[in-house]
Every structure is written in structure tokens, then in C-alpha cells.
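The values are calculated or read from the model by the stated rules, or taken from the named source; none is laboratory data. What you see is a predicted model; the values in this text were computed from it and never measured. Note that we place each Cβ from the backbone using ideal geometry, even for glycine, and neighbour counts take in every protein chain shown. Side chains included, ligands, DNA and RNA excluded: accessible areas come from the protein's heavy atoms. Shrake-Rupley method; radii C 1.70, N 1.55, O 1.52, S 1.80 Å.
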Amino acid sequence: MCGFAGFIDNSNNNLDYKSILKNLGDSINHRGPDDSGIWFDPNFNLGLTHRRLSIVDLTNNANQPMVSKSNEYVLVYNGEIYNHYEIRKKLNNEGNNINWKGSGDTETLFNALICWGIKKTLEECHGMFSFAFWNAQKKIISIARDRFGEKPLYYGFNQKNQKKIFLFASELKAFDSLNEFDNLINKEALSKYFKYGNVPAPLSIYSNISKLKPGTIANISVENLKIEIEEYWSINQSIISNKNSINNISISEAVDTTETLLKEVLSNQMIADVNLGAFLSGGIDSSLIVSLMQSISNEPIKTFSIGFNERKLNEAAFSKKIAKHLGTSHTELYVTKDNLLNTVPLIKNIYDEPFADSSQIPTYLISKLAKEHVKVALSGDGGDEIFGGYNRYIFIQKYWKTISYFPISVRNIIYEIYKLIPIFLFELILNKILRMDIYNIESSLNKVFEILKSNNINQAYSNLISIFLKSSDIIQDINNPSIDDIVLSDDFNNSELMMIEDSKNYLPNDILTKVDRASMSVSLETRIPFLDHKVFEHAWSLPYHFKIRKIKGKFDNKHILKKILSKYLPKELIKKKKMGFAIPLSSWLRNELRDWSEDLIDEKKIKIQGYLNHKLVKNMWSDFINGKKIYDNKIWSILMFQSWLER
């Protein structure tokens, strides 16, 4: 796990390349504090810099940039290739005369790229990665990103003061380190941010910079800076190729084959020359990953959890019971006011762009906790998108057919009636009388009733995942923003359609971004076993009802994962209700974070900055503080933008 950056200047600007490469590299030093290196070709004004986090092969043989003897090939790379020993064997068996110097995956990737070319190499690789590979003979530098987008990669042109330079880097902050960087904010990206809480690829918050989409290669000519983008793997094609390809299989057989595959993946992902552990939230996914890790390990796995003092959101006690049952070496941290106040000011620098998933706070804290004990941590992320874990999948399956039966005019009337009913009546009925114990009832009900106004499943899904339904309400001076690019197909049921869209958008742009930036800010490598593409393909080859199953009138999501987990944990330690990595955001904003919040959303400040509707922000904050409305997620998105803007 590392970080890299580079540039191409074909305009003969006589740049001080050493200074530029140093600034680019130093800005992402947290991604790789163990070693550094630069490389520059004066013939093409091509520069590369690398910061290394040593995980496999701790010797100098794995240092980067990795350069061939003839200087014809150069590689800078971030990530892990878990099957690199198999790739080495294939290269050797083909008769390639390779003089291996070390045992690291960087050297394997480098030689595979030289021998096989880029596309075949990527098709062979199981892993998380982004890289830049220079081929002097072709005069092309190729940049590529892994299938799901676990590792980030930004690229684009800087055109300031009549200078045109091509840039690329693992993090956007590398470009901010340049003295003459054109950081004009992209209004379309901003509109999508306020809808989804993140800036989705291929956009970035800056107008001249893009994110390379997962599963793609970009080839850049150093002669004319022309960019050609090629897709080497796609979620859509993978699903179409594998969907329900295993028909005549029992649930018990599917459980066994899925468990075997996950163990194989974990055996590869647990290879490291440094200490390794895992995040344990107490949910199905992390509990299963830890259970399987412990089953194939001869020593106690180091596990880590974060807790809150709010009973409804605290899963640490449950995680502790799981750790005790499995025999892991467990460490937990309960979030205090000091933890919170020390963490929030860091977010603006950890995330290069505005980013409004509030679970970024516990993700950072658990990463920081883990880094005190290990250098690599495995995570259960990805299980929800692949095995049907989100509550919205069940909600849509249960209710959309009934909802869509009523004319939209009738549903709009129901929605208007809902708005007239005091929220405390819902709280009384749902929590006190029916004892449903729902946290943040108003926010949950708002999502449900917004769906009533949806004309189709596409709009319903968009409403479910949106922070601001119309981002133009909050953003000043923007007309008809292009914000709804979700395309759903009729070839799948509604829950499957949402799983696909979450895998393509929510997973890379939110979940993986959150985990990568939080963990790498403390120089911790995270690995995500569910995102081995063979696991993804296997999951989609299984019947849908193995993932979301109706049992005695109730829907059970991630059914197959729970069946595997039941082999390792007793029934009472297998969590039935999904909580996610939720935090007591409303309470924090009204109390511990109130001063910080009010400084950022000062009406005069917002008006001068000119990006947001200052009157709307003022009214939302007033209603929120006075307990009239639950605007916590909307306000958090505003605060994250304001904080980023002032960094």
C-alpha cells in the first residue's frame, strides 16, 4: 500500500522537476512513510514520485519507482496483488528469462506488464491497486485502477499562466501542493456531492481533474497528451456473464462452496511480512471475516472495535462477546468528547474533496486504533452490496409493488397528510407502543414517505440514497444540474437492480473512499476480501433467494452468509438487525460540535463565499437546533463542504 504521483510537461516550461516531485510526494507521505523515490526522463519531461508503505518484501528490492535496466520501463504502484506468486509461476513456466531480485508483488506486477502487456496482466491480477506504467518505446504512460475502485487515482491537466501540464496522483491533495494549480470548483460535481454525499467518478471537485473509473486503463501519449480510455472489466458484464449460472444447487452446497472460496481468498489476503488484524463491528460481514480468519490462523487474530455511550448505536459490547467466543486478541475504544473534537478538524485534510458520510469519524478512529497494533487490517466492507445486506433492498421488495399500485396523485395526498402529523406521535406509536426501538425515527420516516412521491423504481432508489433531493435548492447560481445518471434495467428484480447500482456507485464513491482515506491517513493498509472479483462473480452465480430469502413471512438478507457464520458463532451472537457504522450525529451537532458548526455556517461567511443558499442554511440550522426537524445528514454535508472550502 503506497502512494504515487507524476506529471508530463511537453511544453518545455523548464520546470524544476525535483522540487515539483518532492512537493507531490511529500503531500501524500502518509500513504507511504517507509521509503521514497523519484524518477525523471528529460527527453519527455516525464516525472514520477513514490511513497512506500512496506507490507510484502520489506527489502530495498521492492522500492519504487521500479526501473528496468534499459530505462525502457518504469512502474509506480499502490496496492496489493494477492495472487502474485501464481503470476510468477505462470511467467516462469512460459519461459520468460526473469532474474527475480525479491519476493514482492511490485516486482511481479512490473515483469508481468513487460511480458504480457497491460490488459492481460490486469485480467490475471486479483487485488486492489492503481498504478502508472511507462513504456518508452511506445512513448505512452498507462494508468490503471482495480476492478471495484479500492485504490484511488486522479488525473487531468493543469492549465495556468499559459502552461499545460498533465498530472496524476493517488490523492487530489498532491495537486494542491503545486504553486500554480488551477483549483476551480466544478459546479456539476458540487451538485452531485449535495445529492449523494460524495463526488462520484469520473468527476472530481476540480473542473480540470477527473477520477479514473474502476476497471479502466487510460493510455496517455507523451507527445501530444492525447488520452485513450479502455475498460478491462465491468460490473455489468460480469453480472450478465455469471447471473444464476449455477441453477441446480442446494443451499447447503452453496454455503459450502461460498465458505471454501472465502477461505481461499482470505488465505491470500492474510499474507504479509508485518502484523495483521481485522475490524470487528459485530455485524454479519465483519464477524464472518474474523471467524474465517481465526479458523485458518494458528494464533489469535488481533481485532478492533469502536463503541459509543449511546445504547442504541453501541455495538462494541456485542463485538466483545464475539471476540471472546472466537478467541481473538481484542481491543476496543469508546469515543469520548476529546476523541471527537480532535478528529473533526482533521477530516478536511483526510478527504481531498467534500465527503459527507459521517461514519468517516469512527472509520478514522478505528484505523488509528488498529495502527497502534498492526500495519494491515481486513474489513468486511462489500458484503452488503454483493449479498443483499442493505435494508432498502428488503423494503423495496416488500412494499414497492403495493406503493406503485396507487396513483401518484393519491400518494402525494398521503405525503402531505404525513407532514401534518407531529413526529412525537410516530415516536410514541413505533417505539413505546410497538417497541420497535428505531433510532432517528423522523429521518427513517422521511425516506419512506419520499418514496411515495416516486414515479418509478429508478426515482425511488434515487430518493432513498439522496441527501438533498434537489441539490439546486442548496447551491447558488446553478441551473438544471445534471444529477440523476442512474440507469436501471428491467432484466432484474428491483432489489437486484439496487445491488448493482450500489456496487457501481455507492461502494466505490462512498464506502471505499471512506475506508481508503481514513486508513491511509494513519498509514494503515486495509484489505477487503469480499471484493475479490471471484467472490463477486460467485455471488451473482447463485440464485437470488440464497441472498435475500423469505422465511415464515419475513425476509432474511445475507441469508447465505448467516448460514456460514452459524458454523462459527452461536445463534445469539449472529446479529439480526443491521445498524451500519452509525454515529449519534444529531446529539453531537447540538452539543459537542455546536460551536464548530456555527462558526462554519455563519450566514455572513456563506453569503460572501457565494456557493450556498445562506438563507436556507440559516433556517435549517435554526429548525434543527430547536428540535423541529431532523436535518443532521443535510447539515453534515454542508459542514463538510464548508470545512473543506476553508482548509
For this session: For the range 160-290, take the alpha-carbon Rg, divide it by the Kirkwood Rh, and send me Rg/Rh.
Result: 1.09
Exercise. Hey, what number do you get for the chain at 222 nm if only DSSP H runs of n ≥ 4 count, each worth -39500 (n - 2.57), divided across all residues, to the nearest 500?
Worked result: -11500 deg cm²/dmol
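Give the peptides 191-199, 637-645, 584-592, 97-105 in descending order of average Cβ contacts within 10 Å, highest first.
On the way: 191-199: 24.7, 637-645: 22.8, 584-592: 18.4, 97-105: 15.4.
Most protected by this proxy first, the peptides run 191-199, 637-645, 584-592, 97-105.
Would you mind telling me the share, in percent, of accessible area of the range 1-157 contributed by carbon and sulfur at probe 1.4 angstrom?
Values: 2470 of 5840 Å².
Carbon and sulfur together cover 42 percent of it.
Send over the Kirkwood Rh of the range 537-647, from the inverse of the averaged 1/r over different Cα pairs, rounded to one decimal Å.
On the way: mean 1/r = 0.0562 Å⁻¹.
For the range 537-647, the Kirkwood estimate is 17.8 Å.
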Problem set entry | Percent breakdown of C-alpha pair distances by 5 Å bin, ordered from the shortest bin, for the range 255-325 | 3, 15, 26, 22, 16, 10, 5, 2
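Say the cut-off is 31 Å between C-alpha atoms; which of 558/618; 324/558; 243/401; 119/371; 302/575 go over it?
Working: 558/618 42 Å; 324/558 24 Å; 243/401 24 Å; 119/371 35 Å; 302/575 21 Å.
Result: 558/618; 119/371 exceed 31 Å.
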Problem set entry | Distant alpha-carbon pairs in the range 140-227 (separation over 23 angstrom), percent | 23 percent
Problem set entry | Rough spin-label spacing in nm, given labels placed 7 Å along Cα→Cβ, for residue 329 and residue 414 | 5.5 nm
Exercise. Zone of residue 138 (label point 7 Å along Cα→Cβ, backbone N under 13 Å): which residues in the range 203-234?
Worked result: 217-222, 228-231
For this session: Starting from the Cα-Cα distance between residue 458 and residue 86, subtract it from 0.36 nm times their residue separation and give me the gain in nm to one decimal.
Result: 129.7 nm
Problem set entry | Whole-Å distance, taken between Cα centres, linking the range 580-647 and the range 129-179 | 34 Å
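Provide the packing ranking of 141-150, 533-542, 245-254, 565-574, i.e. peptides ordered by the mean count of other C-beta atoms within 10 Å per residue, highest first.
Numbers: 141-150: 25.2, 533-542: 19.8, 245-254: 11.9, 565-574: 15.1.
So the peptides 141-150, 533-542, 245-254, 565-574, ranked by packing, come out 141-150, 533-542, 565-574, 245-254.
Can you give the direction-averaged projected area of the convex hull of the alpha-carbon atoms in the range 186-227, in nm²? Walk me through the numbers before you get to the answer.
On the way: hull surface 13.6 nm².
Over all viewing directions, the range 186-227 projects a mean Cα-hull area of 3.4 nm².
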Problem set entry | Relative counts (whole %) of C-alpha pair distances in the range 22-168, using bins that are 5 Å wide | 2, 9, 19, 23, 22, 15, 7, 3, 1, 1, 0
Exercise. Taking the simple approach of a point 7 Å from Cα along Cα-to-Cβ for both residue 228 and residue 399, what is their distance in nm?
Worked result: 5.1 nm
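Give the peptides 31-41, 114-124 in descending order of average Cβ contacts within 10 Å, highest first. The partial results should precede the final answer.
On the way: 31-41: 18.8, 114-124: 16.9.
In decreasing order of mean packing, 31-41, 114-124 become 31-41, 114-124.
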For this session: Apply the Kirkwood formula to the chain: the hydrodynamic radius equals the inverse of the mean of 1/r over all pairs of different alpha-carbon atoms; give it in Å with one decimal.
Result: 25.9 Å
Seminar exercise, completed: If amide H atoms are modeled at 1.01 Å from N in the peptide plane, then the residues at a separation of 5 or more from residue 128, or on another chain, having amide H under 5 Å from its own are 80, 82
Exercise. Counting only protein heavy atoms and using a 1.4 Å probe, what share of the accessible area of the range 198-269 belongs to carbon plus sulfur, as a whole percent?
Worked result: 45 percent
Problem set entry | Sorted largest first, extent of the range 1-72 alpha carbons per principal axis (Å) | 39, 30, 13
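Between residue 609 and residue 256, 0.36 nm times their residue separation minus their Cα-Cα distance comes to what?
121.3 nm
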